[in-house]
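See structure below.
The values are calculated or read from the model by the stated rules, or taken from the named source; none is laboratory data. Bear in mind the structure is a predicted one, so any value in this text is a computation, not a measurement. Cβ placement follows ideal geometry from the backbone for every residue including glycine, while neighbour counts extend to all protein chains displayed. For accessibility, only protein heavy atoms count, side chains too; no ligands or nucleic acids. Shrake-Rupley method; radii C 1.70, N 1.55, O 1.52, S 1.80 Å.
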Amino acid sequence: MTDTVDNTQNIPAPEPGKIQDHFDLFQNDEYQDLFAYKRQFEGAHSSNKVAEVAEWTKSWDYREKNFAREALTVNPAKACQPLGSLFVASGFEGTLPYSHGSQGCVAYFRTHLTRNYKEPFQAVSSSMTEDAAVFGGLNNMKQGLENAYTLYKPKMIALCTTCMAEVIGDDLGGFVATAKNEGHIPQELPVPWAHTPSFVGSHITGYDNMLKAILKTLTKDKKAETTNGKFNFNLGFDPYVGNIRELKRILGLFGIDYTILSDNSDTFDSPNTGEFKMYNGLTTLEETADSINAEGTFFFQTYTTPKTQELIAKDWEQKTYNFRPFGIKGTDEFLMNLSAITGKPIPQELQQERGRAVDALTDSQAWIHGKRIALYGDPDHVFNLTQFLLETGAEPVHIVVTNSNEEFEAEIRELLTNSPYGQEATVWGKKDLWHLRSLLFTEPVDLLIGNSYGKYLWRDTHTPLVRIGYPIFDRHHMHRYPTLGYQGAINLFNWIINTILDELDRQTIVPAKTDISFDLIR
Amino acid sequence: MTTVEDRKALVQEVLDAYPEKAQKRRSKHLNVAEEGASDCGVKSNKKSVPGVMTTRGCAYAGAKGVVWGPVKDMIHISHGPVGCGYYSWSGRRNYYIGTTGVDTFGTMQFTSDFQERDIVFGGDKKLAKLIDELEILFPLSKGTTIESECPVGLIGDDIEAVARTKNKEYGKPVVPVRCEGFRGVSQSLGHHIANDTVRDWVLPKADEYRELPDGFEPSPYDVNIIGDYNIGGDAWPSRKLLEDMGLRVIAQFSGDGTFNEVVMTPLAKLNLIHCYRSMNYICRFMEEKYGIGWLEYNFFGPTQIAKSLRKIAAQFDETIQAGAEQVIAENQARMDEIIAKYRPRLEGKTVMMMVGGLRPRHVIPAFEDLGMKVIGTGYEFGHGDDYKRTADYVKEGTVIYDDVSGYEFEEFAKQLNPDLIAAGIKEKYVFQKMALPFRQMHSWDYSGPYHGYEGFEVFARDMDLAINNPTWGLINAPWNE
């Protein structure tokens, strides 16, 4: 446990002239005294009372009350629809995401994406206020589209909605048509629109709605007599830009002609050349239009894109495939099927990589075997991680998915049931991170896998955290690495295994006490 | 051409890119500061122009994110769909001392996570039940605020009725805050709405709610710190300065503040206000109702700190005045040392700023203490009184931009080519891609504190590391040079 290490005992006196910021300044006696003095005005509970209640929150009694919640959500692991809409829209060439409704929402989406990627994220709003609540948002939309088009010269405006526009019932299709007919924007400018109320689904739902709208708009009347020999690939709400690049590398090795729907890898990882480029979406509108003529479409996130998949399977009458190229077996299955579908052999280079990834797993297997794990995140993300953990001999125990659904839960339960390492697992659908806190206290595990918000659980329960997911605000550059394919498996494994080893060091770092196990070689 | 004419031409050039109607609207928000003017010559606090990429947020952000959110021992419910609470969760670094989840709740997200049925049938019952559940799971909370999101106001829920009922039932404050995001033109109305809820729902019962410290006796030196949100711990060096000069701070509202501190505020002799924009309303009310005066101060950089300490001290007796002089004198040497170290590295460097609240003016002298020049500044959500106050801070020729759009900001930066841009997270990487050093002026770029003498040391260090870091020199590939 990390709390056995008391690093606060010997804070060295500051060197003269050293600038102290919040990390050390407030630990000085004068500030500690200030805090103590301030407390008298706070109406604070006694320290004993706080300690007593803190202890109670760790109990089974608290857990039962916590799980009896019906109305309250605390620390949910899900965002709302437009975030996913903006995310997917930004992968298309010259595309400006546009959020129709009140303006605060888009400030939040831009902030959130920017904090995760440390990249600019450009999107606009129709800035609706109270008068629009009464009269509707048509005027705002007309002006908004005209201004955005004139200033930012997009090739496409991808329009989604906020709650406000949804509750007042704005007619998006009608509004866009009016804006075009009145000459605010050119008739030929594609403006796909999607209803994305935050009170339905989550960010993955918004991803699906926006992608479907974009594909429908751009492929209208583009169906040709023959296929174009290409395959479409969709990664879903996958925060790792490294995955798109890894997939493209794999497809390149195979020699497969492809279209990524949508390729936002440069949107969220653009080179610094001293020149700011507003649009970095890599999927061209032309190839998107032609995606209707592909041989087939591969989806890597079953539960993110059901509507888009339905569009492609039914309206486009195209073959669709669901694969999960994560971990060893997931990647094996994908590559074998890709080979079978395209008639191209699995490249030697990938076969070598498989060997190296498996080698990495066997090298470290002793340190992960039987480790009890808690994890949370979006359905497909959690599924992929679970599958990978099971094949390394780790034991998933608590699996929390706030934006869950029944089909997902059935599929992951089957996966767990069929593995000897999945027998301890419980899938907690529609639960949040405050539920998970109770789970971690009452049934402790060795490791927690989640996004940055997991750090609060780490602090409270001392369960070491591996940051995998979205958002990751407090570690840098994670998104640049692939988690997909064999290379991705090595990255995932590296993060997991070295967190375990770091934690062992933290536990054994007290001189003359725990450091008998502070080993040089592990 | 003079600088003023030159820059006015630049403003016009930037405006030319807009469609006619938008140009007309935006032209009133852009100007160039002129010597001796009583304001900055811009309109403000108007609706943002649709589609131009404003940086503004909403009333909810102002009420929950800014004013109420930092009150650490209350639970602030993001009432409505999940997004608003999710995006604003732990986003502002309002530091506080407490056991999170037990007696304090600052870095948690509480939401009613509205679903379609709540929109159709209304959310009041869910809200009532939610508050019951809060009572069971978080018994040490000192009360609840309900920050309503857009749908709540549109479907006609009566959150006030729920608040009254639950207030009676539990004997703890339940404050309904009607801060739906479509209200007003920016965060600013949310500040005002939140201030009004303190006036209407809290202060009338302050005597009933208040828990006085043991042996509390009123003192002529009792003051409140109002509108310091303790970002990166800012309020603490501020508090220390005031205590060191002999004053007694009986409440911080709201950074690291508690509900009890909110109800302590009427006992003070003077409200010391850091962020005028977001908290002037409650100060004016307290002046009218309780006769408590208020005073704005600026604790950025040694020049303004000394000025502010003397201004504050002038409201009190000689003991306090002597105390202020002593504090200033005690810190002189270390300030001289910091300036001697950093000024040569920063002398003459130019800055463009764009922030909220008070910083577009208050930080200017701190830059000047380091020899730097602010050549452009503007507010996300300022009002006329902010721009009036700004006129005292800016030099002739400073470009003034109110509610600047992404396009305008980029164009101004391209033309003026400052050495540093100081704005928010949404702007940061746009400019860093342009090879322009940048510091976030909302979050201090995860550093801080920047207030007080200790804060100025951190500020000086950070401006230096932003501008003089060697990575900027790597951007141009040698084969392109």
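Given the condition closer than 25 Å to B:Gln115 by Cβ, touching a Phe, Trp or Tyr at 6+ places or on another chain (Cβ under 6 Å) and not charged (D, E, K, R), answer yes or no: does some residue in the range A:147-164 qualify? Steps first, answer last, please.
Taking the range A:147-164 as the starting set, the residues that turn out to be closer than 25 Å to B:Gln115 by Cβ are A:159-164.
In the following step, the residues that additionally are touching a Phe, Trp or Tyr at 6+ places or on another chain (Cβ under 6 Å) were identified as A:159, A:164.
Subset that is not charged (D, E, K, R): A:159, A:164.
Yes, the range A:147-164 contains at least one residue that is closer than 25 Å to B:Gln115 by Cβ, touching a Phe, Trp or Tyr at 6+ places or on another chain (Cβ under 6 Å) and not charged (D, E, K, R).
Quick one: A:Thr196 ticks every box in (1) of a type in the set (Ser, Thr, Tyr); (2) assigned to a loop (DSSP other than H, G, I, E, B); (3) away from chain B (no Cβ under 13 Å) except a single one, so which number is it?
Checking A:Thr196 against (1) of a type in the set (Ser, Thr, Tyr); (2) assigned to a loop (DSSP other than H, G, I, E, B); (3) away from chain B (no Cβ under 13 Å), the one that fails is (3).
Within the range B:172-199, work out how many residues are away from chain A (no Cβ under 14 Å) and at positive phi.
Looking only at that region, the number is 0.
Quick one: B:Ile131 ticks every box in (1) of a type in the set (A, V, I, L, M); (2) in contact with a Pro (Cβ under 6 Å, 6 or more places away or on another chain); (3) surrounded by 23 or more Cβ atoms within 10 Å (Cβ to Cβ); (4) more than 30 Å from B:Arg56 (Cβ to Cβ) except a single one, so which number is it?
(2)
Which residue is farthest from the chain's Cα centre (by Cα), if the candidates are limited to the range A:115-173 and must be of a type in the set (Phe, Trp, Tyr) and at the interface with another protein chain (Cβ under 9 Å from one of its Cβ atoms)?
Among residues in the range A:115-173 that are of a type in the set (Phe, Trp, Tyr) and at the interface with another protein chain (Cβ under 9 Å from one of its Cβ atoms), the one farthest from the chain's Cα centre (by Cα) is A:Tyr149.
Looking at the structure I just gave you, is B:Arg310 in contact (Cβ under 8 Å) with a residue 12 or more places away in the chain, more than 22 Å from A:Phe41 (Cα to Cα) and buried (at least 19 other Cβ atoms within 10 Å of the Cβ)?
no
Evaluate the range A:16-36: report whether one residue or more is farther than 30 Å from B:Trp236 by Cβ, in a helix (DSSP H, G or I) and open to solvent by 20 Å² or more (accessible area, probe 1.4 Å).
Looking for residues that are farther than 30 Å from B:Trp236 by Cβ, in a helix (DSSP H, G or I) and open to solvent by 20 Å² or more (accessible area, probe 1.4 Å), one finds none in the range A:16-36, hence no.
With (1) facing chain B (nearest Cβ under 7 Å); (2) open to solvent by 10 Å² or more (accessible area, probe 1.4 Å); (3) not basic (Lys, Arg) as the list, and A:Ala79 as the residue in question, which single condition is left unmet?
Result: A:Ala79 fails condition (2) only.
Taking only the range A:53-64 into account, find how many residues are surrounded by 14 or more Cβ atoms within 10 Å (Cβ to Cβ) and free of Cβ contacts under 8 Å to residues at least 40 places away in the same chain.
2
Can you find even one residue in the range B:205-217 that is over 27 Å from the mean Cα position of the chain (by Cα), away from chain A (no Cβ under 14 Å) and outside any helix (DSSP H, G or I)?
No, because not a single residue in the range B:205-217 is over 27 Å from the mean Cα position of the chain (by Cα), away from chain A (no Cβ under 14 Å) and outside any helix (DSSP H, G or I).
Output the qualifying pairs, or none if there are none: Cβ atoms under 7 angstrom, residues six or more apart or on different chains, first residue in the range A:353-371 and without any contact (Cβ under 8 Å) to a residue 60 or more places away in the chain, second residue open to solvent by 30 Å² or more (accessible area, probe 1.4 Å).
Matching pairs, first to second residue: A:Gly370/A:Glu395.
If I go through the range B:374-405 residue by residue, how many of them are under 22 Å from B:Lys426 (Cα atoms) and in a helix (DSSP H, G or I)?
Total meeting the criteria: 0.
Restricting to helices (runs of 4 or more DSSP H) lying wholly in the range B:124-188: which have 2 or more residues that are more than 24 Å from B:Lys205 (Cβ to Cβ)?
B:124-137, B:150-155
Please determine, by comparing only the residues of the range B:442-479 that are at the interface with chain A (Cβ under 9 Å from one of its Cβ atoms) and in a loop (DSSP other than H, G, I, E, B), which one is surrounded by the fewest Cβ atoms within 10 Å (Cβ to Cβ).
Taking the candidates together, the pick is B:Ala477.
Restricting attention to the range B:8-52, and to residues there that are within 23 Å of the chain's Cα centre (by Cα) and within 15 Å of B:Phe412 (Cα to Cα), which single residue is surrounded by the fewest Cβ atoms within 10 Å (Cβ to Cβ)?
For the range B:8-52, the residue satisfying everything is B:His29.
Cβ-Cβ under 7 Å, sequence separation 6+ or interchain: first residue in the range B:35-56 and at negative phi, partner among the basic types (Lys, Arg). Which pairs?
These pairs meet every condition: B:Ser38/B:Lys388; B:Asp39/B:Lys388; B:Val42/B:Lys28; B:Lys43/B:Lys28; B:Ser48/B:Arg56; B:Val49/B:Arg25; B:Val49/B:Arg26; B:Thr55/B:Lys426.
For the range B:219-248, enumerate the residues that are touching an Asp or Glu at 6+ places or on another chain (Cβ under 6 Å) and either part of a strand (DSSP E or B) or open to solvent by 10 Å² or more (accessible area, probe 1.4 Å) (or both).
Listed by number, the list holds a single entry, B:Arg248.
If you check B:Leu154 against the conditions, is it out of contact with any His (no Cβ under 9 Å at 6 or more places or on another chain), over 26 Å from A:Ile168 (Cβ atoms) and within 7 Å of chain A (Cβ to nearest Cβ)?
Taking the combined requirement at face value, the residue does not satisfy it.
For the range B:86-117, how many residues are over 18 Å from B:Pro139 (Cα atoms), free of Cβ contacts under 8 Å to residues at least 24 places away in the same chain and either within 7 Å of another protein chain (Cβ to nearest Cβ) or of a type in the set (Phe, Trp, Tyr) (or both)?
4
Step by step: first the residues of the range B:332-365, then only those that are in contact (Cβ under 8 Å) with a residue 40 or more places away in the chain and within 12 Å of another protein chain (Cβ to nearest Cβ), then the one that is farthest from the chain's Cα centre (by Cα). Which residue is that? Explain how you work it out, then say what you get.
Filtering the range B:332-365 down to residues in contact (Cβ under 8 Å) with a residue 40 or more places away in the chain leaves B:334-335, B:338-339, B:341-342, B:345-346, B:349-359, B:362-363, B:365.
Right, trim to within 12 Å of another protein chain (Cβ to nearest Cβ) and you get B:334, B:338, B:341-342, B:356.
Working: B:Arg334: 28, B:Ile338: 26, B:Lys341: 30, B:Tyr342: 27, B:Gly356: 6 Å.
Applying the filter and picking the extreme gives B:Lys341.
Just to be sure, is A:Thr267 buried (at least 17 other Cβ atoms within 10 Å of the Cβ), assigned to a loop (DSSP other than H, G, I, E, B) and among the β-branched types (Val, Ile, Thr)?
yes
Counting only residues that are open to solvent by less than 10 Å² (accessible area, probe 1.4 Å) and β-branched (Val, Ile, Thr), which one in the range A:96-114 is farthest from the other protein chains (Cβ to nearest Cβ)?
Out of the qualifying residues, it is A:Val106.
Yes/no matrix, rows are residues, columns are (1) of a type in the set (Ser, Thr, Tyr); (2) more than 23 Å from A:Gln103 (Cβ to Cβ); (3) touching an Asp or Glu at 6+ places or on another chain (Cβ under 8 Å); (4) surrounded by fewer than 17 Cβ atoms within 10 Å (Cβ to Cβ):
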{"position": "B:Gly171", "(1), (2), (3), (4)": "no, yes, no, yes"}
{"position": "B:Val177", "(1), (2), (3), (4)": "no, no, yes, no"}
{"position": "B:Gly181", "(1), (2), (3), (4)": "no, no, yes, no"}
{"position": "B:Leu189", "(1), (2), (3), (4)": "no, no, no, no"}
{"position": "B:Asp200", "(1), (2), (3), (4)": "no, yes, no, yes"}
{"position": "B:Lys205", "(1), (2), (3), (4)": "no, yes, no, yes"}
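Would you pick out the residues in the range B:135-152 that are farther than 22 Å from A:Glu70 by Cβ and open to solvent by 30 Å² or more (accessible area, probe 1.4 Å)?
B:Lys142
Only one residue in A:Ile256, A:Ile312 is at pLDDT 95 or above, buried (at least 24 other Cβ atoms within 10 Å of the Cβ) and not polar (S, T, N, Q). Which one?
From the options A:Ile256, A:Ile312, the qualifying one is A:Ile312.
Hand me the list of helices (runs of 4 or more DSSP H) wholly inside the range A:408-519 holding 2 or more residues that are modelled with pLDDT of 95 or more, within 22 Å of B:Gly101 (Cα to Cα) and open to solvent by 10 Å² or more (accessible area, probe 1.4 Å).
So the answer is A:433-442, A:454-461.
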